[in-house]
Amino acid sequence: MADVVADGELDDVRPPAPDDGERRLTTSLSTSVLAVLIALVIGGLILLMSGENPLTAYSAMVDGAFGSSFALGETLSRAAPLAIVGYGTAVALRAGLITIGAQGQVVAGAIGALLTAQFFENAPSAVAIPAAALGGALFGMAWVLIPALLRARFNVNEILSTLLFTEFAALLIEYLLNNPLKPPTAITPQSEPYPKNGILGLVVDGTRFHFGVFAAFVIGIAFVWWIRSDRGFSYDLYGENPSLAQSLGISGNRVIINSLLISGATAGLVGWMQAAGLLQRVYVQIASDIGFFGLVVAFLGGATAGGVLVAALLFGALQSGGLAMQSSEGIPASLSDIIQALLLLGFSIRYAPQIIRLTRGVMANFTLIGKRRA
């Protein structure tokens with residue numbers, strides 16, 4: 001069967017106005033705004049009980065996130081990776097898939113980007129930088145390929161398989177940075193410095209705002225084009241109604257594999273950004289919590305372009321603003337962590353039916369494996 005039907009053949013199937021993307025964006029933004037307000041109110045109550053002024057704390061947080069070129073650069077450098085992972089995860093979500101393997105794919109992408117950059121160490125930057133970006137994307141895709149095939153061919157739940165591969169990635173990078181990639185003089189697990197010809201320069205000196213951050217805007221534009229294309233609509237249709245999609249000639253296996261590969265590629269690009277721009281070498285914790293927060297960003301953004309961008313900026317501002325609040329007002333940055341945790345709780349409640357359904361799917365896979373072994 002063809003992956004998608006020919007251009008124009010889906011016109012009769014497309015829903016009438018209001019546009020589905022606008023409806024999703026309105027719903028997701030209203031949900032996100034409500035979740036943010038509740039989180040801020042609860043955070044304010046915690047501050048009051050601690051003897052702090054909530055208005056002073058939140059003012060310091062906003063100023064620390066957007067009040068200067070350094071603050072804005074810090075916020076954008078934190079938000080961009082979340083947005084890129086969020087866009088890739090959103091492609092899978094719109095196809096009816098939930099992957100929680102972005103964390104491992106970021107790690108794989110960082111390793112792939114480093115190895116590619118080392119291979120092109122003597123090449124011009126115009127060659128080395130895009131080659132390393134491609135290497136990161138390909139390694140991210142490779143890391144999700146087996147889970148994608150397992151889901152397409154054997155209906156193995158993608159949550160289970162991508163989670164396992166995230167653990168594999170953690171073990172792999174631990175081994176590599178303690179053995180073959182570790183410099184002889186290094187004490188802690190880390191790689192050699194990233195090749196100079198592949199480093200992403202700073203947009204503004206004295207900040208962490210590097211040129212790789214602009215990749216988030218490029219990916220965002222590509223995502224908008226995708227969801228407005230016939231191919232993107234066919235993937236959305238499969239996510240909403242697989243039977244109808246397949247009756248129109250849309251291959252379910254291709255939708256599954258391609259969606260997960262796209263999510264892996266974007267996560268791999270983030271690994272490249274972390275290694276070539278932010279850290280300029282590879283560390284064990286290079287992925288931080290980008291993969292997991294990227295999933296939350298995709299959910300809170302309703303898997304829409306605008307929603308993902310707003311959610312990523314929100315989390316980026318909370319992270320950078322929390323640190324600034326601690327340094328300027330002496331209020332622990334853990335307040336920012338509490339607000340993010342409350343947003344995660346709201347996310348869990350909002351999507352409880354989907355989470356329960358997917359958990360049942362994972363347990364069904366375990367039950368099937370147990371029966372086969374018996």
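The values are calculated or read from the model by the stated rules, or taken from the named source; none is laboratory data. What you see is a predicted model, and the numbers here were worked out from it, not measured in a lab. Please note: Cβ atoms are built from the backbone with ideal geometry, for glycine as well, and neighbour counts cover all protein chains shown.
Residues checked against (1) of a type in the set (Val, Ile, Thr); (2) farther than 18 Å from Ser259 by Cα:
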| position | (1), (2) |
| --- | --- |
| Val107 | yes, yes |
| Leu114 | no, yes |
| Gln118 | no, yes |
| Pro124 | no, yes |
| Ala131 | no, yes |
| Gly140 | no, no |
| Leu145 | no, no |
| Phe165 | no, no |
| Phe168 | no, yes |
Within the stretch 62-78, restricting to residues that are modelled with pLDDT of 90 or more and more than 24 Å from the chain's Cα centre (by Cα), the one that is farthest from Phe209 (Cα to Cα) is Asp63
Could you grab the pairs with beta carbons closer than 6 Å, sequence gap of 6+ or different chains, first residue in the stretch 122-140 and within 19 Å of Gly201 (Cα to Cα) and without any contact (Cβ under 8 Å) to a residue 24 or more places away in the chain, second one of a type in the set (A, V, I, L, M, F, W, C) and in a helix (DSSP H, G or I)? none
Scan (1) closer than 24 Å to Leu269 by Cα; (2) without any contact (Cβ under 8 Å) to a residue 60 or more places away in the chain; (3) surrounded by 14 or more Cβ atoms within 10 Å (Cβ to Cβ); (4) not basic (Lys, Arg) for the single condition Ala245 breaks and write down its number. (1)
Tally, over the stretch 139-172, of residues that are of a type in the set (Val, Ile, Thr) and over 23 Å from Gly252 (Cβ atoms): 1
Answer yes or no as to whether Thr27 is in a helix (DSSP H, G or I), at pLDDT below 75 and either more than 23 Å from Ala317 (Cβ to Cβ) or under 27 Å from the mean Cα position of the chain (by Cα) (or both). yes
Within the stretch 317-337, does at least one residue satisfy the condition of being within 17 Å of the chain's Cα centre (by Cα), over 19 Å from Pro54 (Cα atoms), buried (at least 23 other Cβ atoms within 10 Å of the Cβ) and modelled with pLDDT of 90 or more? no
Positions within the stretch 285-316 being under 24 Å from Thr207 (Cβ atoms), of a type in the set (Gly, Ala, Ser) and within 12 Å of the chain's Cα centre (by Cα), in sequence order: Ala287, Ser288, Gly294, Ala311, Ala312
Residue match in the stretch 58-75 (condition: in contact with a Lys or Arg (Cβ under 9 Å, 6 or more places away or on another chain) and buried (at least 19 other Cβ atoms within 10 Å of the Cβ)): yes
Which pairs do you get when a residue that is closer than 29 Å to Ala265 by Cα, found in the stretch 64-84, comes within reach of a residue that is of a type in the set (Phe, Trp, Tyr), reach meaning Cβ atoms under 6 angstrom, with the pair 6+ apart or on two chains? Leu72/Phe66; Gly73/Phe209; Leu76/Phe209; Ser77/Phe209; Leu82/Phe293; Leu82/Phe315
Criterion (within 23 Å of Ile227 (Cα to Cα), of a type in the set (A, V, I, L, M) and crowded, with 24+ Cβ neighbours inside 10 Å) met by exactly one of Ala102, Ala110: Ala102
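Residue-wise test of (1) touching a strand residue (DSSP E or B) at 6+ places or on another chain (Cβ under 7 Å); (2) closer than 19 Å to Ala131 by Cβ; (3) of a type in the set (Gly, Ala, Ser).
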residue	(1), (2), (3)
Gly64	no, no, yes
Ala71	no, no, yes
Leu93	no, no, no
Leu97	no, no, no
Ala113	no, yes, yes
Consider Ile256 against the criteria (1) farther than 24 Å from Ala132 by Cα; (2) surrounded by fewer than 24 Cβ atoms within 10 Å (Cβ to Cβ); (3) of a type outside the set (S, T, N, Q); (4) in contact with a Lys or Arg (Cβ under 7 Å, 6 or more places away or on another chain): it satisfies all of them except one. Which criterion is unmet? (2)
Out of all the residues in the stretch 164-176, is one or more over 17 Å from Val284 (Cα atoms), in a helix (DSSP H, G or I) and under 20 Å from the mean Cα position of the chain (by Cα)? yes
When the stretch 194-227 is examined, which residues are found to be exposed (fewer than 13 other Cβ atoms within 10 Å of the Cβ) and in contact (Cβ under 8 Å) with a residue 60 or more places away in the chain? Val204, Gly206
Of residues in the stretch 125-162 being under 21 Å from Gly291 (Cα atoms) and among the polar types (S, T, N, Q), the one surrounded by the most Cβ atoms within 10 Å (Cβ to Cβ): Thr162
